[in-house]
Amino acid sequence: MADEIERKRMEESKEQITNESKETKEGRREFLKFFAFAGILGGLSSIVSQLLAFVSKNGKENEDEANKKSVREKQKYKWGMVIDLDLCTGCGACVVACKIENNIPITGYSEEDRGTEIEWMSLIPAGEDKEFLMPIPCLHCDNPPCTKVCPVGATYINEEGLVAQIWDRCIGCRYCQVACPYQRRFFNWKKPDWPETYLQWLNPDVATRPKGVVEKCTFCSHRIRKVRERAKDEGREIKDEELVRLPACAEACPTGAITFGNLADPESTVSQLASSPRAFRLAEHLGTEPKVIYLAKEKRKFISREE
Amino acid sequence: MGADTRVGRNSSNAGADPFELFNIGRLKLGWIAGVVFCLALIFVGIVSFIQQEKYGDIVTGMRTPGYGGVGWGLYVVFIIYFIGVSFAGITISALTRIFGMEELKPLTRPAEILTIVSLLLGAMSVLADQGRVLYALFNLPRYARVMSPMFGTFTMVISCYLFASLVYFYLSSRADAWFMTQRSRGVLKIFYKIWAFGFSGKPDDYLRHHISSFWLAIFILPILVTASSTLGFIFGIQAGRPGWFSALQAPGFVVMAVISGTGFLIIIAWFLRKFYKLENVITEKSFRTLGTMLMIFTITYIYFMVVEELTANYAAPRKDREVAHAIVFGPYAIPFWLSVVCLFSSFVMLFYQFVSGKTFIWINLLSGLLVNVSAILRRFLIVVPSQTHGLYLPYPTGEYHITLVEIGIIAGLCGLGILLYLFFVKIFPILPLDTVGVREKVGEGKITRTEVRSTLLLRRIFFSLTLLVGFALMIIGFLASARVGTKPYLDPPIPFAPVVFILGVMLSFVSAVVYEVFPGKYRANER
C-alpha cells in the first residue's frame, strides 16, 4: 500500500514538473506569476486528492484493524506467567539467571552506583517485617501505562501480549519508567560494563544495550522464538511442556514456583494455575491488567496493604 | 492614564537619539562584565553537559524509581519553569493589543523577548534531560506521537509556540527597524534595512500591522494555554503515580505559568527602568497593573493549592495520602512551607498595595522574585515526591540529591538566556520607540495612498494560499502523527509526519508575514 502511494506521488510530481517546464517555455513574462499561481493551485489540489485517497484508504484499514482485533480476541498465544509465592523460597536464582541470560550489566557496590542497578527480575522484600521476598518481573500488562506515553513509539504491546521495547529507537526520556506503577523499567544510567572474563559469557541471542536507553523484561522472547521455530520445523504446535519452564527465571527456579505459558489456551498449566482461588494480580485497581499472576494464601494480605 | 501624561512622556524623549537612549552598539563596562559572567555560566554548563554525555546520567542525582531514586529531577522542573515563564510575553502583548491596556505597551517588547528566550531554554532543557540527545533530535521528527503529552504535543507545541512568538515579535518590531534605518550608518543600517524589509512608515503599513497583530494575538493565546496544559497532562494522566493523576494539573500549570511569567516581567521592567532611567515611560501604573494581575493569579493558585492539599491529606486513597503527608509534614515540608510563605507573603503585600491606592515598586519587585522562587519549588514538589513516596508495591522510599552537574547545566542555560537578552539590548531598542516617545504615535496619520489592484490581489492570494496550505499540512501532519490509519504504536503512515505538522503550523503563521511584507505598488490618494 505504501508503495502504491509512493508510485502515485512520483507520477504526480513528474507530471507537475513536465507541465511546468512546458508552460515556462511557452509563457511570456507577464504570465509567469499567473503560472506560478496555477502551479501552486495544482500542488494544492494534488495534496487534497492525496488526502482524500488517504482518508478512503484509512476507512479500509480500519476495517482490517477491526478484523485483526477480532483475531486478537481469538488469538492463539497470550504469554503469561504464574508465580507461586507459597513455593518461593526467595533464593534469588531467578534474578541471577535472568541477569546472565539477558546480558544485564553488573553494577558495583559504591555509593554512586546505588539505584542504578538493572534487574529485569527482582526480589523485593515484603511482609510486615519484610520477612519474605517477592519475585517480580515486568508484568506485561494488557493495558500498559508505559506504552501510552512513549513520545517516539519505542515501546508497544505486540499481538501476543508482550510489552516490547525497541532499544534502538529509545531516546532515554524515561517517561515510561516514571509511568510504570510497578517500577519495572530500568534506565541505563551509565555505559554497561562487565569484568573482562564475563565478556566471553555474554548471550549471543540477546543484544546488549547502550547507555541512555530504557530496558525491561521480555519474557525471554528469544527463547519463545526458538521454541516456535523448532515446532514449525517439526510441523507441530508448540507443546505446553516446552513452555512451562521456558524463561530463564522459570528454568532456574529450584522449587518450580515460576510457571510460564499460554494464557489464551484454557488447558495450559498457567491458565489452570491462574484460575486457582489463591490467584491475584498486583494493584488490580489501576486497571492495568497484568499478565503475571501471583498465587499466595497468607502472604496475600501483606502485599495488598502496599497496593 | 490620560492624554496629558502621554504628551508629557513624549515631550521628554522627543527627538532623542535611540542609540543614545538605549546605548545601542555602545559597549559599557557593566554590560561587558555581565557578558563575561554569562559566558562563565555557559562554560560551566558546557562542562557539565560534556560530563553527562561522557559518563551517562549517573552523574546526576536521578536514579531508578523504586530503587531509591527518581527518574525525573531538576531538568523536568526547569522545563516546566522555563515554559511557564514564556507565558508572559504573548499574554502582555495580547492584553495590550486586545484590551488596549496602554500602561503595559512599553513592556510588550521586553515581554516578547522573554517569551522567545525562555522557550529556547525550555527546549534545551528538554534535550538535557534525554539519555540520548542525538537520538532525540533524529527520532522525534520521525516518530513523535501526539498521544504522548511529553513530546507528541509538547515539542511540537514548543516549536509552534516559539515560531509564532518569533513571527509576532518580528512583525511588531518592523516599524522600529524602519525608524532605525534613518538614524544609522554602515553595517547597522543594512541590518535594520533587512529587518524592516518593505516597511515604509506610511499609515497603511501601520494599519496592516494593526490588523495582522490582532489576529496573531487571537491565534497565539490558545496555543499558549495548550502549551501549559500539555505540561500538566504529562503528570495528570499518570494513574500509576499517586499524587499526579488529577484534572487540576493542567489549570494549575497554566495559572502558575502566568504567575511566574508576570513576576519575571516585573523584574525585567525594574531593571530596564533603572538602567535606562525610563521612570516616565515604565510608570508606576505599569507596575501597579502587573502587580494587580499577579495578585489575582496568586490568590487563584493559593486556592488551588489549599483545595488540593486538603483533599489529598484528608480523604484521598492511602497512597495519595502518603505522598501528600510527605509533602506537608514529611521530608518535603521545608520546600513546601517555603513555597507557601513565598506565595502568601507576596499576595499579602500586593493586596496591601491594591487597597492602599498607592504604588510601591519594591513590593512588586519583591513579589516578582518571591513568586518565581515558589514557582520553582512548586514544580519540584509536583515532579519529585510522587516518585519517592507512595509507590505501589512494597518498594522502599527514595531520595533525590541534586548534583553539581545538574545545577551546572541549569546555570549554563540561565547564563545563555541572560546573554541572549544582553545581546538583544545592544542591537535593537528594547522598548517600542513609539511608547518611549522617540517615534511618532502609530496609526494616527491619514491614509494617503492606495495599493494598486494587481498587487493587492496578489497579496491576498499569497496570504490565503500560505494560510490554507499551512492548515492543510497541519491537519495532515497531526493526523499522521496521531497514527491514524496505522497501528497506534508504530511508525506514522507518512514519513516525518511530525515535521509536516510543524511545517504546517509555521506556514500558517508565515501567512501573517506574507500579508504584511508582500511588496506592493501604490498610487497617491486623490484629495
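The values are calculated or read from the model by the stated rules, or taken from the named source; none is laboratory data. Worth saying up front: this structure is predicted, and the values here are computed from it rather than measured. Note: ideal-geometry Cβ built from the backbone for every residue, glycine included; neighbour counts use all protein chains shown.
Listed values, structure above:
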read-out	value
A:Ile118 more than 7 Å from chain B (Cβ to nearest Cβ) and not in a loop (DSSP other than H, G, I, E, B)	no
Residue satisfying condition, being more than 12 Å from chain A (Cβ to nearest Cβ), over 15 Å from B:Leu456 (Cα atoms) and crowded, with 21+ Cβ neighbours inside 10 Å, within set B:Val505, B:Val510, B:Val499	B:Val505
Some residue of region A:177-190 being more than 7 Å from chain B (Cβ to nearest Cβ) and surrounded by fewer than 18 Cβ atoms within 10 Å (Cβ to Cβ)	no
Matching option when the condition is within 26 Å of the chain's Cα centre (by Cα) and of a type in the set (Gly, Ala, Ser), among B:Ser356, B:Ser386, B:Ser374	B:Ser374
Subset of region B:29-40 (residues that are surrounded by fewer than 16 Cβ atoms within 10 Å (Cβ to Cβ) and closer than 15 Å to B:Leu272 by Cβ)	B:Gly30
Options A:Cys146, A:Cys98, A:Cys94, A:Cys141; residue that is assigned by TED's automatic domain parsing to the domain that holds A:Leu295, more than 25 Å from A:Lys211 (Cα to Cα) and hydrophobic (A, V, I, L, M, F, W, C)	A:Cys141
Number of the condition not met by A:Thr197 [criteria: (1) surrounded by fewer than 16 Cβ atoms within 10 Å (Cβ to Cβ); (2) part of a helix (DSSP H, G or I); (3) of a type outside the set (D, E, K, R); (4) in contact with a Pro (Cβ under 9 Å, 6 or more places away or on another chain)]	(4)
Of residues in region A:290-303 being within 13 Å of chain B (Cβ to nearest Cβ) and out of contact with any strand residue (DSSP E or B) (no Cβ under 8 Å at 6 or more places or on another chain), the one surrounded by the fewest Cβ atoms within 10 Å (Cβ to Cβ)	A:Lys301
Restricting region A:144-164 to residues that are outside any loop (DSSP other than H, G, I, E, B) and crowded, with 23+ Cβ neighbours inside 10 Å, the residue that is nearest to the chain's Cα centre (by Cα)	A:Val163
Flag if B:Pro65 is crowded, with 22+ Cβ neighbours inside 10 Å, in the same structural domain as B:Pro222 (by TED's automatic domain parsing), in contact (Cβ under 8 Å) with a residue 24 or more places away in the chain and closer than 28 Å to B:Ser184 by Cα	no
Helices (runs of 4 or more DSSP H) enclosed by region B:48-151 - at least 2 residues per element that are within 12 Å of another protein chain (Cβ to nearest Cβ)	B:74-85, B:108-129, B:133-143
Sole residue being in contact with a Leu (Cβ under 8 Å, 6 or more places away or on another chain), closer than 29 Å to B:Thr64 by Cβ and either away from chain A (no Cβ under 14 Å) or modelled with pLDDT of 95 or more (or both), chosen from B:Leu377, B:Leu343	B:Leu377
Residue match in region B:68-85 (condition: among the small types (Gly, Ala, Ser), more than 22 Å from B:Ile234 (Cβ to Cβ) and in contact with a Lys or Arg (Cβ under 9 Å, 6 or more places away or on another chain))	yes
When residues of region A:200-237 are limited to those that are small (Gly, Ala, Ser) and without any contact (Cβ under 8 Å) to a residue 12 or more places away in the chain, the one surrounded by the fewest Cβ atoms within 10 Å (Cβ to Cβ)	A:Gly235
Test for B:Phe264: is it assigned by TED's automatic domain parsing to the domain that holds B:Ala227 and over 22 Å from B:Ala94 (Cβ atoms)	no
Residue within region A:200-209 that is under 26 Å from B:Asp57 (Cα atoms) and outside any loop (DSSP other than H, G, I, E, B) present	no
Count of residues meeting criterion [of a type in the set (Gly, Ala, Ser) and closer than 12 Å to A:Val292 by Cα] in region A:241-273	2
Test: residue in region A:165-180 that is at pLDDT below 95 and part of a strand (DSSP E or B)	yes
Search result, residues across region A:281-299 that are in contact (Cβ under 8 Å) with a residue 24 or more places away in the chain and either of a type in the set (A, V, I, L, M, F, W, C) or part of a helix (DSSP H, G or I) (or both)	A:Leu282, A:Ala283, A:Leu286, A:Val292, A:Ile293, A:Leu295, A:Ala296
Members of region A:126-150 that are within 14 Å of A:Glu289 (Cβ to Cβ) and either facing another protein chain (nearest Cβ under 9 Å) or free of Cβ contacts under 8 Å to residues at least 12 places away in the same chain (or both)	A:Pro145, A:Cys146, A:Thr147, A:Lys148
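A quick yes/no check of all residues on (1) more than 21 Å from B:Lys202 (Cα to Cα); (2) in the same structural domain as B:Lys105 (by TED's automatic domain parsing):
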| residue | (1), (2) |
| --- | --- |
| B:Gly408 | yes, yes |
| B:Leu416 | yes, yes |
| B:Val469 | yes, no |
| B:Ser481 | yes, no |
| B:Thr486 | yes, no |
| B:Val499 | yes, no |
| B:Asn525 | no, no |
